[in-house]
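For reference, the structure I am asking about is given below.
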Amino acid sequence: MDKKTTIYDIAKALNTTVSTVSRALNNSPLISEETRKAILKKANELNYRPNKLASSLSSGKTNIIGVIVPSANIQFFSSVIHSLEKGLKQAGYKILLYQSNESLAAEKEGIETLLEAQVDGLILSLSLETKEVDHIKKIQAEGKPLVVFDRIHQDLKVPMVSIDDHKAGYIATQHLIDAGYKKIAYVSTRHKTYIFDARFRGYTDALRDAGITLEKEYIILDELSIQAGIRATERLMKIDNKPDAIIGGDDFTALGIIKALSELGFVPPKIGVIGFANQTFSEYITPSLSTIDQQATQMGRECAALFLRLMADNAINEHIVLEPILRCRASSSGNS
């Protein structure tokens with residue numbers, strides 16, 4: 001393996017001092033433009049890369065923000081990341097991304113890895129397995145700025161960005177009721193997390209306010225996936241008192257619900273279906289999927305802005321709550 005080029009190598013090649021090379025690479029006004037260009041040219045020829053860790057140890061800053069998400073493969077999170085990165089980049093920061101893949105152990109490992117990398121702070125969304133948050137409080141204990149988004153936790157007293165998840169569950173259910181559906185099933189994750197609990201409360205509150213009895217056999221808590229949606233639908237359609245609408249905990253689950261219903265001869269909107277997240281595919285499948293837009297792009301912008309305010313004032317503790325937006329499409333257009 002080739003030896004990594006250092007500023008000592010550049011200085012030797014140009015028969016100059018290490019301090020001169022260092023000043024030129026850091027754009028010091030003490031170095032002439034001619035000398036600076038010569039040093040930069042030689043650094044490029046020798047494939048020199050600056051040692052960011054050494055620089056951070058001397059300055060106390062890396063200008064790198066650690067970001068942990070459940071999965072970058074999910075469009076909602078990738079959209080948040082894209083918007084978040086754009087906002088931070090404008091302020092001179094880069095991001096270092098880590099995926100927990102919905103694993104508590106991986107989330108803990110990600111936090112340790114990013115803290116060891118000397119990031120200036122962290123922005124994260126919790127895994128589905130995360131119930132206790134002592135490992136996240138460790139970030140605060142080390143004095144690192146922290147922002148939590150989407151998958152928030154009631155025991156964390158930190159700046160947060162989320163949607164109104166209770167309202168999201170409520171308006172999804174109310175939309176189905178307004179479209180004429182009365183026997184509404186609910187298929188979501190078995191994991192007890194704040195946002196999914198809030199959505200479920202929104203569902204039950206909307207049924208109560210409409211005078212509709214909550215049927216326990218209509219509630220299936222399993223996973224958030226296409227296959228989970230298929231399994232739940234096959235189970236629901238075997239009961240005598242079949243539902244006339246189904247809420248999916250996310251758009252992938254709702255996609256599985258639509259697939260199973262279509263194969264069983266109950267093509268939506270004969271049985272209404274709605275999901276959460278407004279994934280790109282939801283608009284283009286047949287029938288198109290009604291969904292709750294969680295404002296991913298805006299959430300990313302708010303996370304970036306909130307984090308930058310936190311860097312300036314580590315005492316702030318804001319909770320920004322975005323409005324969920326109902327996207328009405330063919331899958332819930334009425335069963336009449």
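None of the figures in this text is laboratory data; all of them are computed from the coordinates on show. All values derive from a computational prediction rather than experimental measurement. Heads up, the Cβs are rebuilt from the backbone with ideal geometry, glycines too, and the neighbour counts pull from every protein chain shown.
Order these peptides, 202-211, 154-163, 13-22, by their mean beta-carbon neighbour count within 10 angstrom, highest first.
Listed from highest to lowest mean packing, they are 154-163, 202-211, 13-22.
Further question on the same structure: Would you please state which residues of the stretch 78-93 a label at Thr297 would reach in this model, taking the label point 7 Å out along Cα→Cβ and a backbone N cut-off of under 18 Å?
78-90
While we're here: Let me check I have the definition right: for the stretch 7-50, take the eigenvalues of the Cα gyration tensor, multiply each by 5, take square roots. What are those semi-axes in whole Å, largest first?
That gives 14, 11, 9 Å for the three semi-axes.
Still on this structure, please answer the following. Can you grab the distance from the C-alpha centre of the stretch 151-170 to the C-alpha centre of the stretch 208-250, Å, no decimals?
Cα centroid of the stretch 151-170 versus Cα centroid of the stretch 208-250: 24 Å apart.
Under 37 °C and 0.692 mPa s, how fast does the chain diffuse according to Stokes-Einstein, given a Kirkwood radius computed over C-alpha pairs? Answer in µm²/s, whole number.
Reported coefficient: 146 µm²/s.
Please give the helix 194-209 orientation as an angle from the longest Cα principal axis of the chain, in degrees from 0 to 90, rounded to the nearest 10.
The two axes meet at around 30 degrees.
To the nearest 20 debye, what charge dipole does the chain have about its Cα centre, counting +1 at the Cβ of each Lys and Arg and -1 at the Cβ of each Asp and Glu?
With only Lys, Arg, Asp and Glu charged at Cβ, the dipole is about 920 debye.
Here is a further query. Give the lysines whose C-alpha is closer than 26 Å to that of Lys4, dropping any in the same chain fewer than 8 places away, or say none.
Reachable lysines: Lys12, Lys37, Lys41, Lys42, Lys52, Lys61, Lys94.
If you don't mind, another one. Under the rule of -39500 (n - 2.57) per DSSP H run of 4 or more residues, summed and divided by the residues of the chain, what mean residue ellipticity at 222 nm is obtained, to the nearest 500 deg cm²/dmol?
The helix contribution divided over the chain gives -13500 deg cm²/dmol.
Listed highest first by mean packing, meaning other Cβ atoms within 10 Å per residue, what order do 232-240, 220-228, 120-128 come in?
Averaged packing, sorted descending, gives the order 120-128, 220-228, 232-240.
About the Cα centre, and with charges only on the beta carbon of Lys, Arg (+1) and Asp, Glu (-1), how big is the dipole of the stretch 7-50? Nearest 20 debye, please.
Here the stretch 7-50 has a charge dipole of around 60 debye.
Charges only on Cβ, +1 for Lys and Arg, -1 for Asp and Glu: so what's the dipole of the stretch 178-329 about the Cα centre, in debye to the nearest 20?
It comes to approximately 360 debye.
Please compute the length gained on full extension between Asn241 and Lys157, using 0.36 nm multiplied by the number of residues separating them and subtracting their Cα-Cα distance.
The span from Asn241 to Lys157 would gain 25.8 nm if fully extended.
Show me the chymotrypsin sites (Phe, Trp or Tyr not before Pro) within the stretch 277-336 that DSSP assigns to loop and that have at most 14 other Cβ atoms within 10 Å of their Cβ.
Passing sites in the stretch 277-336 are Tyr284.
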